[in-house]
């Protein structure tokens, strides 16, 4: 995949009109598309793509899909389905109503490409700079964080670690008590 930078097109007229009818008060997807679509220009991603090869899906769109995917807690398949079927997503991504989107595997490939090229740091820095310019962040202000999801992840990892340690201990005990069983387990590479 290669990057052929193009300017971000305007929202197609039919898509904008239908989005306004369906969401007269707006919604988060529409706001994200309006606020962030211009932040992540294709040129930001030049270092993550080779100069030759088949053109890649527009990186700015894939970043917005990734943001919307995170906000709504969707899998890659569900996010690709949302691109294909949801009017608010089409508006945020500046897509024609008839656009069928892309295969879900494109998202995984894009994230891998970003990580490989250190693009995640570039995205973060760009977003923080934009948020500062808009006055969304205050210097040395108090920030409230909700650590519930972090603690839940740590708890899950701790449980997995306990299960793995229990399994290792059981296999070790089996090997000590029954040398022939232990030899079979070791030959399979379990211990």
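Annotations for the structure displayed:
- If the chain linking residue 136 and residue 57 were pulled fully straight, counting 0.36 nm for each residue of separation and taking away their Cα-Cα distance, it would gain 25.5 nm.
- Estimated distance in nm for a label pair at residue 171 and residue 122, the labels positioned 7 Å out from Cα along Cα-to-Cβ: 4.2 nm
- Alpha carbon Rg of segment 13-134, scaled by the compact-globule rule 2.2 N^0.38 Å: 1.06
- A straight chain from residue 85 to residue 25 at 0.36 nm per residue would run longer than the Cα-Cα distance by 19.6 nm.
- Full-extension gain in nm, residue 70 to residue 14, via 0.36 nm per residue minus C-alpha separation: 17.5 nm
Each value in this text was obtained by applying a stated rule to the coordinates, not by laboratory testing. Note that the coordinates shown come from a computational prediction; the quantities given were computed from them, not determined experimentally. Note that each Cβ is placed from the backbone with ideal geometry, even for glycine, and that neighbours are counted across all protein chains shown.
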